[in-house]
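Worksheet: one structure, shown below.
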Amino acid sequence: MKHSLVDEILIAREMKNEKTVALVRFALFSITSIMDFVSYLGWISYTIVTPSLITVGLDLTFLVFASIVLIFVNFLPYKPYLKFFTIAFDYFIIGLMMFLDPTIIKANGLIYFIAMTSAIFIFQLNLLRHSKTGTIYGAILAFIYFMVVSVGLGDGYPFDLIPMIFGLGMLLAIGYVTTVSNIEMVKEANTKQMMERFLPSQLVGEFYKNKVQLEPGGENKEVTILFSDIRAFTKFSEQRSAEEVVTFLNDYLSRMTDVIFKFNGTIDKFIGDAIMTIFGAPFKRDDDALRAVKTAVAMMREIESLNQKQKCPEDKIHVGIGIHTGEAIVGNIGSERRLDYTVIGDNVNLASRIEGLTKHYNCPILISEVTYKQVVGKYSTEDGFEIREIDQVIVKGKSKPITVCEVVCL
C-alpha cells in the first residue's frame with residue numbers, strides 16, 4: 001500500500017521513537033536491576049522490604065527482554081506490529097512483578113495506587129511512539145492491567161477503586177487526544193511548510209480558514225499569468241562556475257519571491273531562471289490583473305537594485321516579463337503522491353509568448369489587451385508606471401493578431 005509523504009514521515013518518526021522507547025526501557029530495567037541486586041547483597045537499603053532472590057530473578061528476566069527488544073529495533077528491519085508485542089509485554093512483566101515481587105507493598109489499599117501509577121507510567125511511555133493505534137491499544141491494556149492487578153491483589157478497599165477507574169479513564173483519553181493532536185500538528189506543519197514555498201503566508205492562512213483540500217483535480221477560472229525570464233541567461237551561465245550560477249539564482253529568485261508574495265501572487269513554478277506566477281488562484285480578487293502589473297514593476301525596481309551592486313557591466317541582468325489574463329484550468333495536477341498546484345491551458349501559453357515578445361520589442365514588460373482592459377482606470381502615475389499600446393501581432397499558435405501593450409516604469 002502506498003503512503004503519502006506525511007505518512008512516510010510519521011512512520012519514520014515511529015521507527016525512531018520505538019528505538020527511544022526501547023532505550024528508555026533498557027535503562028530503567030538496568031538501573032532497577034542494579035539497585036535491587038546491590039540491596040539484595042545488603043550493601044544499600046532503599047526499599048521497606050529487602051529485595052529477595054525472586055526480585056533479582058524478575059529483574060534479570062525483564063532486563064533480558066529489554067536487551068532483546070533494544071537489539072531488535074536497532075539492528076533488524078523495523079516492523080510496525082512490534083509495538084503491539086512490546087506494549088503487551090510491558091504490561092505483562094510489570095503485572096508479574098506486582099504479583100510476585102515481595103518488595104511491593106499491597107496492604108491498606110496501597111495496591112490500587114501502585115497499579116494506577118504503573119498503568120499510567122507504561123501508557124505515557126507508549127505515547128512516545130506517536131501512534132494512534134498504539135495509543136488505543138495501550139489504553140485498553142492499561143485498563144485491563146489496572147483491573148486485573150486491583151481485583152487480584154485488592155484487600156478490601158473497593159471504595160478506592162471506582163474513582164480511580166474514572167481518573168484512569170480521563171488520563172487515557174487525554175493521552176489519546178494528545179497523540180492525535182501531535183500527529184495532526186505534524187501533518188499541518190509539513191503541509192504549511194510546503195505551501196509557504198509557493199504562497200504568501202496570508203494565502204496559506206486562507207487555505208486553512210476555508211478548509212481547502214490539496215486533492216488531485218482542477219477547475220476552470222479566470223486568472224492572470226505572469227511569466228518572467230532572464231535574457232541571455234545561457235551566455236551568462238557559461239561565463240561562470242556552477243557554484244556562482246547557483247548562488248546568483250538563489251539570490252535572484254529569493255528577491256523575486258519576496259516581491260511576488262508582497263502582492264499576494266502564487267508562484268506556480270521556477271523553470272531555471274524563469275518564474276511563472278498566478279494571480280487569481282487559489283483565491284480570486286477584483287484587482288488580480290492590477291496586482292500582476294504592480295508586481296512586474298516592483299520586480300524591475302528590485303532588478304535595478306540588484307544590478308547596482310554589480311561591479312562589472314557584464315554581471316548586470318535584463319529581464320523580460322509577459323502578462324496575460326484569461327481562463328485556464330487551475331488545480332492540483334499530478335498523482336496522489338506528487339501534486340503540483342498549477343494552471344494549464346491556451347492562455348498560459350499565450351502569456352509565455354508575450355514574454356518572448358519583450359526581446360523583439362526591447363520592452364521589459366508587455367501585457368495583453370485583455371489584461372490592459374482590466375487595469376485601465378485603476379492606476380495612476382503615482383503607482384510608478386504608465387501603459388501604452390505597442391503593436392498588434394500574431395503569436396505562434398494563434399491565427400488572429402493580439403494587441404500588446406508596454407508597461408513603462410516611471
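To the nearest 0.05, how large is the calculated FRET efficiency for ILE11 and ASP286 if R₀ is 51 Å and r is the Cβ-Cβ distance? Here the calculated transfer efficiency is 0.70. Shown here for the stretch 335-410: trypsin sites (Lys or Arg not before Pro) in loop regions (DSSP other than H, G, I, E, B) with at most 12 other Cβ atoms within 10 Å, namely ARG337, ARG338, LYS378, LYS396.
In order along the stretch 232-237, phi translates into HN-Hα couplings of 6, 6, 4, 5, 4, 6 Hz, rounded to whole numbers, per the Karplus curve 6.51 cos²θ - 1.76 cosθ + 1.60 with θ = phi - 60° and x for Gly and Pro. Using the Karplus relation 6.51 cos²θ - 1.76 cosθ + 1.60 with θ = phi - 60°, the per-residue 3J(HN,Hα) values for the stretch 71-81 come to 5, 4, 6, 9, 10, 10, x, 6, 10, x, 6 Hz, with x marking Gly and Pro. Surface composition of the chain: carbon and sulfur atoms hold 62% of the protein heavy-atom accessible area at a 1.4 Å probe. The alpha-carbon of LYS235 sits under 15 angstrom from the alpha-carbons of these aspartates and glutamates, leaving out residues fewer than 8 places away in its chain: GLU244, ASP273, GLU314, ASP315. Compute the angle between helix 161-195 and the longest alpha-carbon principal axis of the chain, please, reported from 0 to 90 degrees and rounded to the nearest 10. The two axes meet at around 20 degrees. For LYS316, the amide hydrogen comes within under 5 Å of no other amide hydrogen, counting only partners 5 or more places away or on other chains and with H modelled in the peptide plane.
Please identify which residues in the stretch 59-81 have an amide N closer than 12 Å to a label point set 7 Å out from the Cα of LEU128, following the Cα→Cβ vector. So the set is 70. For ILE71 and SER30, FRET efficiency with R0 = 22 Å and r from the beta-carbon atoms, rounded to 0.05? The computed FRET efficiency comes out at 0.95.
Find how much the distance from THR403 to GLU219 grows on full extension, using 0.36 nm per residue of separation minus their present alpha carbon separation; answer in nm with one decimal.
Values: separation 184, 0.36 × 184 = 66.24 nm, distance 2.75 nm.
Working it through step by step, the gained length comes to 63.5 nm.
So with the 1.4 Å probe, I'd like the accessible area per residue for the chain, rounded to whole Å².
I get 53 Å² per residue for this part.
Straight-line cross-link partners of LYS398 among the aspartates and glutamates, defined as a Cα under 20 Å from its Cα and at least 8 positions apart when in the same chain: GLU222, GLU327, ASP346, GLU355, GLU369, GLU389.
Specify the longest stretch of the chain that does not include any exposed loop site, a site being one of the GluC sites (Glu not before Pro) with a non-H, G, I, E, B DSSP assignment and at most 13 other Cβ atoms within 10 Å. Walk me through the numbers before you get to the answer.
On the way: sites that count: GLU196, GLU336.
It runs 1-195.
Pairs with C-alpha atoms separated by more than 18 Å, drawn from the list LYS316/LYS359; LYS284/LYS400; LYS221/LYS396; LYS79/LYS132, are LYS284/LYS400; LYS221/LYS396. Other residues within the sphere of radius under 10 Å centred on the Cβ of ASN17, judged by their own Cβ, net out at +3 (K and R +1, D and E -1).
Can you put LEU58, LEU128 in order of accessible area, largest first, using a 1.4 Å probe?
Details: LEU58 15, LEU128 70 Å².
Largest to smallest exposure gives the sequence LEU128, LEU58.
Where does the charge balance sit around LEU58 when Lys and Arg score +1, Asp and Glu -1, over other residues with C-beta under 10 Å from its C-beta? Here the count lands on -3. Once R0 is set to 45 Å, what does the formula 1/(1 + (r/R0)^6) return for the Cβ-Cβ distance between THR234 and ASN182, expressed as a FRET efficiency to the nearest 0.05? Working from the Cβ atoms, E equals 0.40.
Couplings for the stretch 272-285, taken from phi via the Karplus curve 6.51 cos²θ - 1.76 cosθ + 1.60 with θ = phi - 60°, read x, 8, 8, 10, 10, 10, 10, 10, x, 8, x, 10, 7, 9 Hz in order; Gly and Pro are left as x.
The values are calculated or read from the model by the stated rules, or taken from the named source; none is laboratory data. For clarity, every value in this text was computed on a predicted model and none was experimentally measured. Using ideal geometry, Cβ is built from the backbone for each residue, glycine included, and neighbour counts are taken over all protein chains shown. These accessible areas exclude ligands, DNA and RNA; they are computed on the full protein's heavy atoms, side chains included. Shrake-Rupley method; radii C 1.70, N 1.55, O 1.52, S 1.80 Å.
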